[in-house]
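A short write-up of the structure that comes next.
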Amino acid sequence: MKLVFAGTPEVAVPALDALIASGRHEVAAVVTRPDAPAGRGRRLVASPVAERAEEAGIEVLKPAKPRDEQFLARLREIAPDCCPVVAYGALLPKAALDIPARGWVNLHFSLLPAWRGAAPVQHAVMAGDEITGAATFLIEEGLDSGPVYGTVTEEVRPTDTSGDLLTRLAFAGAGLLAATMDGIEDGALKAVPQPADGISLAPKITVEMAHVDWTAPALRVDRVVRGCTPAPGAWTVFRGERLKLIQAALVTDRTDLAPGELSVAKNNVYVGTGSHAVELLWVQPQGKKPMRGADWARGVRIAPGERVGAADVR
């Protein structure tokens, strides 16, 4: 088939690579988000998908909005049979959905209908799911509600961050998307409507959702830290400033600390929760680089009984 691939971030690159390498289909063009400012200089930088497509000599389309008539006209000229999508980052209007004869097929990083929305992997980790996966489905105008072509499952490991899990799903999902394209071309693969029950939503993780509540059980604190890593980053407050929590560990034999109370040992720093303590392995103070929790604790000279979690952020 002639394909137009839509995607933007690094997580979409393995799927693009898989389609290019398959040799069975022609990736005629790539659709991605416009160049965005990045770094201290805020210079415009092309998306990872755009960079990969340019390396491969593939035409790159960067519409400000996918409803732009110039973009739609070019898409009609290309006349793709199918448009595979991975984390493109913009809603597709009906005018675009109607162009490819076999539709737009999205690779979504959950086992639909679970975790429909922008942040399925983060929500799966934060909810404590033991199994998640990826699904390919035919895009409709509803939110991730279209019929499903195929799925692949992936175990959520006890120490997985959302970044760890998403990396594995990106590669497993790349194979699934390529196989889905093959099955659509063969006519052997039919999309199956999603069940009406088991629907859960995964909206974008806000900064407030990443704010750690130390009165919650330790298991919940651990899931929030892992689910919000690397982005947007779990955080708390110490002496009126934000403290980013990069990595924590459960400490089941410490139940003597009040929620948010800090305890410093020679090479460890612990925080109380609503159940047992957690150890702060890596943190990032405001305006500084990431550091080991014990190094941070020594540097700030924590007083006995001092706590994290106060509300007065500067």
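The values are calculated or read from the model by the stated rules, or taken from the named source; none is laboratory data. All values derive from a computational prediction rather than experimental measurement. When we count neighbours, we look across all protein chains shown, and the Cβ atoms used for this are built from the backbone with ideal geometry, even at glycine. What goes into the accessible areas is simple: the full protein's heavy atoms, side chains included, and nothing from ligands, DNA or RNA. Shrake-Rupley method; radii C 1.70, N 1.55, O 1.52, S 1.80 Å.
Name the pairs whose Cβ atoms lie under 9 Å apart, with the first residue in the stretch 79-92 and under 13 Å from Leu107 (Cα atoms) and without any contact (Cβ under 8 Å) to a residue 60 or more places away in the chain, the second open to solvent by 10 Å² or more (accessible area, probe 1.4 Å) and not in a loop (DSSP other than H, G, I, E, B), and 6 or more positions between them or separate chains?
none
Does Val237 satisfy the condition of being under 22 Å from Asp17 (Cβ atoms) and either part of a strand (DSSP E or B) or modelled with pLDDT under 95 (or both)?
The answer is no for Val237.
Residues of the stretch 254-285 being assigned to a strand (DSSP E or B), touching a residue at least 40 places away in the same chain (Cβ under 8 Å) and closer than 19 Å to Arg223 by Cβ, which ones?
Pro259, Val271, Gly272, Ala277, Val278, Val283
Only one residue in Gly183, Gly187, Gly227 is in contact (Cβ under 8 Å) with a residue 12 or more places away in the chain and within 30 Å of Ala21 (Cα to Cα). Which one?
Sole residue among the options that is in contact (Cβ under 8 Å) with a residue 12 or more places away in the chain and within 30 Å of Ala21 (Cα to Cα): Gly183.
Exactly one of (1) on the phi > 0 side of the Ramachandran plot; (2) open to solvent by less than 50 Å² (accessible area, probe 1.4 Å) is unmet by Ala248. Its number?
Only one criterion is unmet by Ala248, namely (1).
If I filter the stretch 32-58 down to residues being within 18 Å of Ala15 (Cβ to Cβ) and outside any loop (DSSP other than H, G, I, E, B), which single residue comes out as most open to solvent (accessible area, probe 1.4 Å)?
Going through the qualifying residues, I end up with Glu55.
Hey, Leu250 hits all of (1) at pLDDT below 95; (2) not in a loop (DSSP other than H, G, I, E, B) but one; which does it fall short on?
The failed condition is (1).
Confirm whether Leu19 is of a type outside the set (Lys, Arg) and either in a strand (DSSP E or B) or over 27 Å from Pro230 (Cβ atoms) (or both).
no
Does the stretch 204-224 contain any residue that is in a strand (DSSP E or B) and closer than 29 Å to Leu166 by Cα?
Within the stretch 204-224, one or more residues are in a strand (DSSP E or B) and closer than 29 Å to Leu166 by Cα.
Given the criterion more than 20 Å from Thr180 (Cβ to Cβ) and buried (at least 24 other Cβ atoms within 10 Å of the Cβ), identify the matching residue among Ala134, Ala124.
It is Ala124.
Out of curiosity, is Leu3 aliphatic (A, V, I, L, M), touching a His at 6+ places or on another chain (Cβ under 8 Å) and assigned to a helix (DSSP H, G or I)?
It is false that Leu3 is aliphatic (A, V, I, L, M), touching a His at 6+ places or on another chain (Cβ under 8 Å) and assigned to a helix (DSSP H, G or I).
Pick from Gly287, Gly274: which is of a type outside the set (Val, Ile, Thr) and at pLDDT below 95?
Residue meeting the stated conditions: Gly287.
Can you confirm whether Leu177 is at pLDDT below 95, touching a strand residue (DSSP E or B) at 6+ places or on another chain (Cβ under 6 Å) and farther than 28 Å from Leu250 by Cα?
Here the answer is no, as Leu177 does not meet what is asked.
Take the stretch 142-159 and flag every residue that is assigned to a loop (DSSP other than H, G, I, E, B), at pLDDT 95 or above and open to solvent by 50 Å² or more (accessible area, probe 1.4 Å).
Answer for the stretch 142-159, where residues must be assigned to a loop (DSSP other than H, G, I, E, B), at pLDDT 95 or above and open to solvent by 50 Å² or more (accessible area, probe 1.4 Å): Arg157, Pro158, Thr159.
Within the stretch 203-245, take every residue that is aliphatic (A, V, I, L, M) and surrounded by fewer than 19 Cβ atoms within 10 Å (Cβ to Cβ) and give me the one that is nearest to Lys288 (Cα to Cα).
Ala231
Working only within the stretch 96-113, note down all residues that are in contact (Cβ under 8 Å) with a residue 40 or more places away in the chain and either over 21 Å from Val156 (Cβ atoms) or surrounded by fewer than 21 Cβ atoms within 10 Å (Cβ to Cβ) (or both).
Passing the criteria: Leu97, Pro100, Arg102, Trp104, Val105, Asn106, Pro113.
Looking only at the stretch 139-154, decide whether some residue is within 23 Å of Lys244 (Cα to Cα) and among the acidic types (Asp, Glu).
no
Give the residue, chosen from Val45, Val60, Val27, that is farther than 28 Å from Thr151 by Cα and touching a helix residue (DSSP H, G or I) at 6+ places or on another chain (Cβ under 6 Å).
Val60
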